[in-house]
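One structure is given below, encoded as structure tokens.
Just so it is clear, none of the values below were taken in a lab; they were calculated from the coordinates. Given the structure is predicted, the values throughout are model-derived calculations rather than measurements. Quick reminder, even Gly has a Cβ in these numbers, built from the backbone with ideal geometry, and neighbours come from all protein chains shown.
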Amino acid sequence: MSADPDAVPYIESSDTPVRVLLKPFTPDDLYHAVRDAITRATDRVAIAEHELVQAHAGLSKLAMALEASRTMRVQTLDLVVAARELRRVKRPD
């Protein structure tokens, strides 16, 4: 490890714990910073997976509602056609 700040690639401060930004840093500081970053990344993945599951459930509900709407429209059209047929059949009497 180097205490030379130019030897370490630039990392956005918002993505890096403060411990790593202090130079020179110890191997323990680096270990803890990397562990913290991995923990945050794991937490973000878990949150993203949860949101994907919720979005999928919402899309499934939307798909079911859309299918129910289509079924209702077909049934309504069937009733309209049946009513017209009944009127047509009753008129000649």
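When the Kirkwood hydrodynamic radius is evaluated over all pairs of different C-alpha atoms of the range 30-93, what value in angstrom, to one decimal, is obtained?
In the range 30-93 this quantity evaluates to 16.6 Å.
Between 65, 80, 46, whose Cα lies farthest towards the positive end of the dipole of the range 46-87 when Lys and Arg beta carbons carry +1 and Asp and Glu beta carbons carry -1, centred on the Cα centre?
Highest projection toward the positive end goes to 80.
What FRET efficiency do you get for residue 40 and residue 64 if R0 is 30 Å and r is their Cβ-Cβ distance, rounded to the nearest 0.05?
Working from the Cβ atoms, E equals 0.25.
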